[in-house]
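The values are calculated or read from the model by the stated rules, or taken from the named source; none is laboratory data. This one's a predicted model, so the numbers in the text were calculated from it and none came from an experiment. Cβ sites come from the backbone with ideal geometry, for glycine too, and all protein chains shown count toward neighbours.
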Amino acid sequence: MHQIRGDSLLNLENPTVVDLSLDIYTGMPYYPGDPQPSVEQYRHVSVDGVSLKRLALGTHSGTHIDAPAHFVIDGKTIDMLHPLAACGYAKTIDVSGSLSARMVLNDADITRKGEDVILIYTSYYGMREGAQSGVFPTLSRRFAEGLVDAGYKCVGIDSPTVGDAEVHKTLLGSGVIIVENLSNRLVEVISKKAYFICLPIRVMDGDGAPARALALM
C-alpha cells in the first residue's frame, strides 16, 4: 500500500484533483465532547507588519486520521505510522440513498478489485442535519469486520465518526487506518478510478491528527 504503483489504474501525470478536506474555522462542526475549534487573529499586518493566526484544535478536528492509539492500548501513534498509511487506490461506495441519520451500514458491496482504500459516501455533509447532536451515519461491527476480512488498509467516511468503540477497535486493532470527516465532495469520486491521498500533521504521540485529503482521478 505504501508504494505508488506505476501500472496506472489511472493517469497520475495530469490528474483531476478533488479536495475532500473540510475547512477549519471558528464555529465549524465538531464531535460532541471534543474541543471546540477556533481560529483567532493573533497579529495584524496593518499593525504588526505581519499576519498570524492562532489555531485551537483537537487531534480529531475537521478531516482527520485516527491512529491505532486512539482506541488500542499501546497502539501506534500518528507519528509512528508510515507517511502513506492512508494513501492508495480507492473504491468509493454510495450508501446515501439507503441511510437514515442513525442507520448503520451492512450490505454495501465491499469487494476489492486491487484497491487498498475504501471511501464511504453517506451525504452527511450534504444534509447538514444532526451537527453536534451525536446522530451520524455509522458502520456496524459486522461491516467493519467485512472490511478487515476483505483486506482494506484504510477506510474513509464523510461523517464525524465511523462508529462506536467496538467498530474503532475492530478496524484499528487490525491495522486498518480510519479517516473521518471527509467533505461532501466525495460524491464526485463515486464509481471513479481514484488514488486517495491523506496526510496527517505530525503530532508527537498523537492519537490522531487533522489531515489534508485528496482524490486524484
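Descriptive notes on the structure:
- Single condition K192 does not satisfy, out of (1) modelled with pLDDT under 95; (2) under 13 Å from the mean Cα position of the chain (by Cα): (2)
- Condition met for E40 (exposed (fewer than 11 other Cβ atoms within 10 Å of the Cβ) and at pLDDT 95 or above): yes
- Sole exception among (1) part of a strand (DSSP E or B); (2) farther than 18 Å from H60 by Cα for L147, by number: (1)
- Scope region 153-188; condition assigned to a loop (DSSP other than H, G, I, E, B) and farther than 17 Å from L20 by Cβ; matching residues: K153, G163, D164, G173, S174, G175, V176
- Residue match in region 147-155 (condition: within 17 Å of the chain's Cα centre (by Cα), at pLDDT 95 or above, of a type in the set (V, I, T) and within 16 Å of S183 (Cα to Cα)): yes
- Scope region 47-84; condition touching a residue at least 12 places away in the same chain (Cβ under 8 Å) and of a type in the set (S, T, Y); matching residues: T59, S61, T63, T77
- Of residues in region 80-135 being among the aromatic types (F, W, Y) and under 20 Å from T161 (Cβ atoms), the one modelled with the highest pLDDT: Y121
- Among the candidates I4, I24, residue that is at pLDDT 95 or above, surrounded by 11 or more Cβ atoms within 10 Å (Cβ to Cβ) and closer than 25 Å to C154 by Cβ: I24
- Of the residues making up region 189-217, those that are small (G, A, S) and part of a loop (DSSP other than H, G, I, E, B) are S191, G206.
- Here G175 fulfils each of the conditions (1) at positive phi; (2) surrounded by 23 or more Cβ atoms within 10 Å (Cβ to Cβ); (3) not basic (K, R) apart from (2).
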